[in-house]
1. Which residues, taken from the stretch 567-594, are under 30 Å from the mean Cα position of the chain (by Cα), modelled with pLDDT of 95 or more and not aliphatic (A, V, I, L, M)?
2. Only residues in the stretch 153-181 that are within 13 Å of the ligand (Cβ to nearest atom) and modelled with pLDDT of 95 or more count as the first member; pair them with residues that are assigned to a loop (DSSP other than H, G, I, E, B) and of a type in the set (K, R), Cβ under 8 angstrom, at least 6 apart or cross-chain, and list the lot.
3. Does G229 satisfy the condition of being more than 10 Å from the ligand (Cβ to nearest atom), buried (at least 22 other Cβ atoms within 10 Å of the Cβ), farther than 18 Å from T146 by Cβ and in contact (Cβ under 8 Å) with a residue 12 or more places away in the chain?
4. Residues to consider are V79, V124, V110; find the one that is part of a loop (DSSP other than H, G, I, E, B) and of a type in the set (V, I, T).
5. Take T288 and tell me if it is under 15 Å from the mean Cα position of the chain (by Cα) and either within 23 Å of S368 (Cβ to Cβ) or without any contact (Cβ under 8 Å) to a residue 40 or more places away in the chain (or both).
6. Have a look at Y135, Y148 and point out the one that is in contact with a helix residue (DSSP H, G or I) (Cβ under 7 Å, 6 or more places away or on another chain), of a type outside the set (D, E), more than 9 Å from the ligand (Cβ to nearest atom) and not in a loop (DSSP other than H, G, I, E, B).
7. Name every residue in the stretch 124-150 that is of a type in the set (V, I, T) and surrounded by fewer than 24 Cβ atoms within 10 Å (Cβ to Cβ), in order of residue number.
Amino acid sequence: MSENRAYPTGGEFLLGDTAPSEVFTPEDFNENQRMISQAASDFVEQKIEPRREELEYQGKTELGEPLLKEAGEMGLLMVDVPERFGGMGADKATIMLISEVISRAGSFAVTHGAQSGIGTLPIVYFGTQAQKEKYLPRLATGELLTAYALTEPGSGSDALAASTTAVLNDAGTHYVLNGTKQYITNAAYAEMFILFAKVDGDKFSCFIVEKDFGGVSIGPEEKKMGIKGSSTCQVVLEDCAVPVENLLGEIGRGHVIAFNILNVGRFKLGASSVGGCKAALADAVPYTSERHQFGKPLNAFGLIRRKIADVTARTFVSEAMVYRTAGLLDRAIDTLDKSADDYDLQSILKVEEFSIECSMIKVFATESMALAAEEGVQMLGGYGYCSEYPLERYYRDERINRIFEGTNEINRMIIPGMLMRKALKGELALLQAAKAVADDLLSIPSFGEMGEPSFLEEETKIAANLKKIALATLGIAAQKYGEGLKDQQEILSDVADIIMEAYACESGLLRTQKKAETDGEESAALMARMVTLYVHDAVERCGVWGRNILANTLAGDELRTMMAGLRRLAKHDPVSRAKLHGEIAEAVIEAEGYTV
Ligand SMILES: Cc1cc2nc3c(=O)[nH]c(=O)nc-3n(C[C@H](O)[C@H](O)[C@H](O)COP(=O)(O)OP(=O)(O)OC[C@H]3O[C@@H](n4cnc5c(N)ncnc54)[C@H](O)[C@@H]3O)c2cc1C
């Protein structure tokens, strides 16, 4: 941790050790957080379940409107809104926990996220006092419904290439907006839009557009693969006159709003994907007990047990990463003066420091959910393919998670890209650390002391080595390509995967070690099995990615030497995966779903 900072900053996990006591874990939730989570769970049970069929299978997207009102009445739209504007002003751990629980609402989770997250937060963080007073109290209760309109038919990932224009009228009172926004969640019933347009055709800016301003029309509902109960439409602006006081932030600085809000969307999506993994296990595992083939329950078969164990272990590390990140964000935000006028703005700038972690948990957890849905369908066989069971819907619904809030390709580019930016700005001593690892790889290896292994010693060593592989490969690629590294997407993607695995393994280990330190090793036994399984699989994958990076970057003797170093770092004693699979599956089968 830097000497002049009271908290570890984003990406810093790669450079040193973290003590288990320093990380926030799901075991640390307090009574209040558990109560809020219960309220979200009750909402799903009481309000969503009875309308599940209409929402998800009849595609009644219009139900989103009354459901948002009900969520507002139950206080579920106000968590992110500061108390002085009628909200709860909750910490990030609570916000992520609610996202996780609300994910069980399926399509409505997306509806909820657009209202309480991306549609509200730009005003929380970037609004003027007058804008906050005018809009936030009504957004927090659901009296006013909102949407976030960034994407256009011609600009998705490349959001700043938007072609919607805003021109100041002659009287200087209004911006006149023209253009089309695409795939806008909640557009059908939103009464206002956080909408991006270019002032004079080139200054990317953000506006609060009320539907009643006129010149706003909504297209038909998109016919989607999944999340069929959520509204997704085009928003067309034809000479829509927006009062100048509804400019949000500064002219030409809309990208600051767009990118910062994406960070929040990403960590929330990470959390909701963890909820999705748990839901898939809860729906698939009991079926594998009930269904018999060849005279045995399905989950007596090794291949089914392996699926249960792999999904559970990945869910466990995803959950550890998500809440570790929540803790990092809360710790950084806690250093701010809460009474300062610009507290809200400063708090989103703290989140920005962790954009690497936000992208990592978005990619990692959405891909965990993809695995959970995929294996869930497979465990149910024919019924997995039929809508009588929800796995079929999870399989369709999860697909969007890898596309919105920045596609997983874009997020993979962000992870090493942001690390390099931080290194070049002198915020992270990354390149020095990378050089130290590379030098180490060229030296004669030492074989350390032999003795009785301590708790998870081998896995701790592997996780530390994964960080070294990440640093070494990024450093070697940066040295080879310099500025041009940003165009080496295949290398960057492999580096991103290694960095994510390093964070995943370390987060799972720290959570397990914290549990063992608090309640004894025996009570952390299942966690230890999951993290052992996960870490031994991850190092195999990282070995392959590392090899690819080196082969794409070096040649001849240099390649051979570095390959030897990589093999040394990726070396690990084999474990019996089948035994671990069996033990983990046994616990999950008994619990009829995810358990730690
Ligand atoms: C159901 C749904 C709800 C949505 N809700 C909203 C909303 O409320 N508000 C909003 O503003 N938007 C919303 N979106 C839009 C969503 O954010 C975009 O679809 C997403 O950002 C991707 O943009 P695109 O669809 O134009 O794909 P493209 O950008 O065209 O990408 C297509 C493919 O190319 C890849 N690609 C693109 N650029 C690169 C690159 N530089 N390097 C490598 N690969 C690249 C992508 O990863 C992807 O695989 C929603 C979309 C859907 C489907």
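1. Passing the criteria: R577, H581, G582, E583, E586, E590, E592, G593, Y594.
2. From the stretch 153-181, no pairs qualify.
3. For G229, the condition - more than 10 Å from the ligand (Cβ to nearest atom), buried (at least 22 other Cβ atoms within 10 Å of the Cβ), farther than 18 Å from T146 by Cβ and in contact (Cβ under 8 Å) with a residue 12 or more places away in the chain - is met.
4. V79
5. no
6. Within the list Y135, Y148, the selection yields Y135.
7. Listed by number, the residues that qualify are T128, T141.
Residues are listed down the side, and each one gets a yes or a no for (1) modelled with pLDDT of 95 or more; (2) more than 15 Å from the ligand (Cβ to nearest atom); (3) within 19 Å of E352 (Cβ to Cβ); (4) in a helix (DSSP H, G or I):
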position	(1), (2), (3), (4)
I400	yes, no, no, yes
M413	yes, no, yes, yes
L419	yes, yes, yes, yes
Q432	no, yes, no, yes
L441	no, yes, no, yes
P445	no, yes, no, no
T473	yes, yes, no, yes
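The values are calculated or read from the model by the stated rules, or taken from the named source; none is laboratory data. Everything numeric in this text was worked out from a predicted model, so none of it was measured. With ideal geometry, Cβ positions are generated from the backbone for all residues, glycine too; neighbour counts draw on all protein chains shown.
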